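Accompanying notes for the structure given below.
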Amino acid sequence: MIEIKTYRGHIRNWQALSQELNLDCSSMTRQEREIAILQKAYATWKENMTEHLYGMFAFALWDDAEQKLICFRDHFGTKPFYYYLTEDNKILYGTYIKEILDKSGFKKELNLDMLQIYMSLTYVAGEDTFFKGIKKLMPGHYLIFQNGKLEIKRYWKPEFCPDETKSLEEFADEIHETVKQMFLEIKTDDEIAESFLSGGVDSSYVLAMSDAKRADSCGYDEERFDESRIARKTADLLQVEHSVCNIQPEQYFDIVPYVMYHMEQPLGDASAIVFTIACNETAKHTKLCYSGEGADEFFGGYNMYRNAERYGDNLKNFYVGNTNIMKEDEKQKILKYYNPEILPINLVKSIYQETEALDPLTKMSNIDIQIWLEGDIYLNVDKMSTAAGLEIRMPLTDRRIFDIASRMPSSYKVNQEQNKIAFRTAAAKVLPEEIAFRKKLGFIVPIRIWLADERYNQDVQAKFHSDIAEKFFNLDEIHKIFEEYINGNSDNWRKIWTIYTFLVWYEEYFVKR
């Protein structure tokens, strides 16, 4: 007997799998059919079953015949999976950390080493977490627990093999046709979805290719940060209804404890708070929404990628992913506990080895696919949408989309003037060029302004002067960072926000509970 012990996700190619596995799913609910598919897929292909699955998933199954537990996490890590070995060698596991915290045999202790990583990256990268002993099953991996022995195996990793024989237009055509295929699988006819929409090409392309009749955006009173005006033009062009959640600073700061609790790990990404508010608002009128994550990392969307060639071989000495806000000498001053062996660069050494013969852009992209997406972007999407009761599906995050990117020469991704060139060329098939080739702004938030305002930063200041802060930080040093920020060094806002979100998270999990 094969029993699915826990499962969260969405299997996109369920119809093709049902036929291939000879399953009649016609009278089943979605959850029932996907569990039936997982059971039959394992019975048919065993550990190789993930080669046949497209979509998002994290699940554990019990193989009664072999008396073993097997746990899988999807290729890119869109759904989380955690595990913990007790002192008496029992395994605790779940798709939420909270599922482990509540179980007998778990001892709650802070993993202080993780604070050093967090202070640089602003998110929890790699397999360790802030809870000592709780580990993440990394993307593209599965776990076997049998006869008291734990074994982790990797079933997939990003691989790149540039094809110089195809033209830019041919790659753009392939992207476009593949995105069409995604939308044949992304939902069933009886499901109704809306779509998140910013001012960028990714969400605009997703909306244009979808059957969504409503788009949801966030806006601010501060006009230079507000992309909702641009998003409205896109929505009007595509003739869809457009709703805007206008976010106020009081609302933003008030929801931070809620975010850190449901995130289960601290996250210093300021856009995560905005995304949470967007999910909560959107969930009031739909339970299913599209979002455009994945394209930036696959196709060269970040502006810093244009510096890749200039970085050259020096990349492996400093590039650890999309964010790196504090150097080691600064952390030594700030942290009361500092271990010189705990370095962010150690997290990515093996990834550099995988791409040693490839160009700098591919190396940067691979780091972000394996570290940044899993630790920040997908974590945020999963945790905050789930907390709101909203399901998000990401049509651009798919192995078939990545396969195109993996074969694409870097010159079709980035040049000195533009990023995501081939992807934008594909999007221009259904969008005006002014939208498809609009300069990337990023998911910007007015936090650098709000954080300096005494009307809103009272809790930040209180946390910086708290007993919790004194436990982990040299207060004079973090107060100096805050003062420099108030006096005009606006770049310090990220450091302040990263410290603050850790303090809020710690209070939620180690003081209140």
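The values are calculated or read from the model by the stated rules, or taken from the named source; none is laboratory data. Note that the structure is a prediction, hence the values are computed from the model and not measured. All Cβ positions, even for glycine, are placed from backbone atoms using ideal geometry, and neighbour counts span all protein chains on display. Surface accessibility is based on the protein's heavy atoms, side chains included, excluding ligands, DNA and RNA. Shrake-Rupley method; radii C 1.70, N 1.55, O 1.52, S 1.80 Å.
Worth a mention:
- R0 of 25 Å, Cβ-Cβ distance Ser411-Asp491: FRET efficiency to nearest 0.05: 0.20
- In Hz, Karplus ³J(HN,Hα) per residue of region 430-440 (6.51, -1.76, 1.60; θ = phi - 60°; x = Gly, Pro): 10, 10, x, 4, 5, 8, 4, 10, 5, 4, 5
- Carbon-plus-sulfur accessible fraction, region 177-223 (probe radius 1.4 Å, protein heavy atoms only): 46%.
- Estimated distance in nm for a label pair at Ile4 and Phe510, the labels positioned 7 Å out from Cα along Cα-to-Cβ: 3.7 nm
- Here the Karplus curve 6.51 cos²θ - 1.76 cosθ + 1.60, taken at θ = phi - 60°, turns the phi angles of region 229-238 into couplings of 5, 5, 4, 4, 4, 5, 4, 5, 4, 8 Hz, with x standing for Gly and Pro.
- With R₀ fixed at 41 Å, the C-beta to C-beta distance from Val430 to Glu484 puts the FRET efficiency at about 0.30.
- Spin-label pair Gln15/Leu150, simplified geometry with 7 Å Cα→Cβ offset, distance in nm: 4.1 nm
- Debye log10 I(q)/I(0) for region 390-495, one point scatterer per Cα, at q = 0.13 Å⁻¹: -0.76
- For region 496-513, 3J(HN,Hα) per residue [Karplus equation, 6.51 cos²θ - 1.76 cosθ + 1.60, θ = phi - 60°, Hz, x = Gly/Pro]: 4, 5, 5, 5, 4, 5, 5, 5, 5, 4, 4, 4, 5, 9, 10, 10, 6, 10
- Annotation: for a label point projected 7 angstrom from Cα along Cα→Cβ of Arg455, residues of region 232-274 with backbone N closer than 19 Å are 246-256.
- For region 1-152, accessible area per residue (1.4 Å probe, heavy atoms of protein chains only), Å²: 40 Å²
- Simple label model, 7 Å out from Cα along Cβ direction - Leu475 to Asp329, nm: 2.7 nm
- On a per residue basis, region 321-475 carries 40 Å² of accessible surface, using protein heavy atoms and a 1.4 Å probe.
- Rounded to 0.05, the FRET efficiency of the Glu47 and His285 pair, given R0 = 35 Å and the Cβ-Cβ distance, is 0.25.
- Segment Ile192-Glu109, length gained on full extension (0.36 nm per residue, minus Cα span): 25.6 nm
- Taking max minus min of the alpha-carbon positions on each principal axis, the chain gives extents of 66, 61, 49 Å, largest first.
- Gap separating the Cα centres of region 351-403 and region 76-138, nearest whole Å: 20 Å
- Surface share of carbon and sulfur [accessible, 1.4 angstrom probe, percent] for region 38-141: 45 percent
- Alpha carbon centroid spacing (whole Å) that separates region 456-473 from region 234-287: 25 Å
- For Lys68, nonlocal amide neighbours, meaning residues 5 or more places apart or on other chains whose placed amide H falls under 5 Å from its own, are Asp63.
- Amide H within-cut-off set for Tyr54, under 5 Å, with H built and near neighbours excluded: Arg12, Asn13
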